[in-house]
Structure formats: structure tokens, C-alpha cells
Amino acid sequence: AQSVAQPEDQVNVAEGNPLTVKCTYSVSGNPYLFWYVQYPNRGLQFLLKYITGDNLVKGSYGFEAEFNKSQTSFHLKKPSALVSDSALYFCAVRDMNGGFKTIFGAGTRLFVKA
Amino acid sequence: NAGVTQTPKFQVLKTGQSMTLQCAQDMNHNSMYWYRQDPGMGLRLIYYSASEGTTDKGEVPNGYNVSRLNKREFSLRLESAAPSQTSVYFCASSTGGSAYEQYFGPGTRLTVT
């Protein structure tokens, strides 16, 4: 069965510092991995995805994520955090052979302090 | 280009009442989805429609029905609302295929008393 774990409910970081939001996954086949961001009272917005190829993927707003197959991880990173990055972040996985079902993690709330 | 729209934004129901949540997308996407979001549980898939004319159960389909009215519209119906269905409901769409990201509507906040 597919699953996604986001081990931290909340991440706190100072503005200008690097940030990491962690995600590990489990699928039976090869994974398609996604990160989404949710601002208060809004729907989720797509940030980036890993499908195949380079393990480091770059996305919107300066975010990037590294796919690590051996550790089954897909951590979200940004070199320099902004206060406006404060939001709820969701990691999601699809099994390449599993059709249309996407499994979302529980979410990690990011607080960036000025 | 409005993307994905949902109506209503808020709704309060009494136990046993019924209602339909509406969703429409203007991106010519093939696939559409209904999720519910509960605190600490992320998003859980209720139903999805891989293409016009097809619908399939997701992770938590009990108590819900769906209709893919046409390529643009995908509605979610609660026949007899229960307090356990208090949640925020999101509709999403995607081009199709498992490699494609989803685009989400703004959500409907439903309270069942």
C-alpha cells in the first residue's frame, strides 16, 4: 500500500536561513512525487514534482526537492526562507502503476520568523 | 481563466439533510477529483473521475456519491449528512495520467450539526 510520512508537524526557521521540510514515502512500484503548498483558507497549489531523471528538481518560488531512492525520501528545501513562505506544505505520492490515486501526507506547517 | 471553481464556499447542514457540492474547471482537463481535508490527516480522496463518463471510489467513499456531468463539471452529493462529514472539501483536476499535478479549487467548508 502507498503511504507518505511527514515526520514534523511544524518547522520553525528564521528569515534568510535555509529550510527543509521532510517527506518519506512507500510505494510498491516507482513513485511519482509531488509537493503542494496551502495558504490560509485557500486550496492547494502545486510547487514541484519528481517523475524521472535528475534527482534534484526545482519548482516555484525558489523551492527545490531532492529525490533519494535508497532512503525513499523527497525532502523540500529552500536556500533562504522568506516570511511569505509561511504556510502548510503537503508531500504526495502516486505509484507509477497505481493509476490516479494520490496519497497525501498529513502536512507540515512552516513558520518563518522575521 | 478561472481554473477550478467550487460552490458553495460555506454550508451548514443538520444531520440527515442532503446537499450537492458543485465543481467546474475551465482548463480542459480530463481527470477530476474530490478530497476531504481534516486536521492532522492531510487530504483523503473520496471519488475521482479519470475521464468523462467514468467515476471510481477513492479512499473514503462511504456516504458520498458523485456525478461527472460533462468534461467540465464534477459534483459531490451527500445523501444523508452526518456529523462525521464535517470537513473542508476540495475539488481538483488534472490533465490526466499519474504523472500530472493537480489543480485545486478554493474549497467548501461544511459543518454538519
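The values are calculated or read from the model by the stated rules, or taken from the named source; none is laboratory data. Owing to the predicted nature of the structure, the values given are computational and were not obtained by experimental measurement. Cβ atoms come from the backbone with ideal geometry, glycine included; neighbour counts cover every protein chain shown. Remember, those area values only see protein heavy atoms, side chains included, never the ligands or the DNA or RNA. Shrake-Rupley method; radii C 1.70, N 1.55, O 1.52, S 1.80 Å.
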In nm, the gap between the two label points placed 7 Å beyond Cα toward Cβ at B:Asn28 and A:Asn41 is 3.5 nm
Mean Cα-pair separation over length for chain A, i.e. relative contact order, pairs under 8 Å, 6 or more apart, %: 38 percent
Could you work out the per residue convex hull volume over the alpha carbons of the protein assembly as shown, in cubic angstrom? 121 Å³
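From largest accessible area down, sort B:Ile46, A:Ile51; use a 1.4 Å probe on the protein chains.
Final ranking, largest accessible area leading: A:Ile51, B:Ile46.
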Each label sits 7 Å from Cα toward the beta-carbon; between B:Val12 and B:Lys57 the label points are separated, in nm, by 3.3 nm
Calc'd 3J(HN,Hα), segment B:74-91, phi into Karplus 6.51 cos²θ - 1.76 cosθ + 1.60 (θ = phi - 60°), Hz, glycine/Pro = x, comes to 9, 10, 10, 10, 9, 6, 8, 5, 10, x, 5, 8, 5, 5, 9, 10, 10, 9
Which entries in the list A:Lys78/B:Lys9; A:Lys77/B:Lys57; A:Lys58/A:Lys113; A:Lys101/B:Lys14; A:Lys77/A:Lys101 go over 28 Å, if you measure between the two C-alpha atoms of each? A:Lys78/B:Lys9; A:Lys77/B:Lys57; A:Lys101/B:Lys14
Quick one: order B:Arg109, B:Arg44 from most to least accessible surface, probe 1.4 Å. B:Arg109, B:Arg44
Largest-first principal axis extents of the Cα set of chain B (Å): 37, 24, 23
Would you pull out the residues with amide H under 5 Å of B:Thr86's amide H, same chain only if 5 or more places away, H placed 1.01 Å from N? B:Val112
At q = 0.12, 0.16, 0.24 Å⁻¹, what log₁₀ I(q)/I(0) does segment B:58-108 have when each alpha carbon counts as one equal point scatterer in the Debye sum? -0.33, -0.58, -1.16
Roughly how many nanometres apart are two label points built 7 Å out from the Cα toward the Cβ at A:Ser84 and B:Ala82? 4.4 nm
In whole percent, and with a 1.4 Å probe on the protein chains, what portion of the accessible area of the protein assembly as shown is carbon and sulfur? 49 percent
Would you mind telling me which residue in B:Ser49, B:Ser87, B:Ser98 has the biggest mean-square fluctuation in a Gaussian network model of chain B, where springs connect alpha carbons within a distance under 10 angstrom? B:Ser98
Most positive-pole-ward Cα, B:Asn70, B:Trp34, B:Leu21, against dipole of segment B:8-113 from beta carbon charges: B:Leu21
Taking each pair of different alpha-carbon atoms in segment A:5-109 once, compute 1/r for the pair, average those values, and report the inverse of that mean as the Kirkwood hydrodynamic radius in Å to one decimal. 13.9 Å
Using a Gaussian network model on chain B with a 10 Å cutoff between Cα atoms, which of B:Val66, B:Val12, B:Val88 fluctuates the most? B:Val12
Rounded to the nearest 20 debye, dipole of segment B:36-109 from Cβ charges on Lys, Arg, Asp, Glu: 120 debye
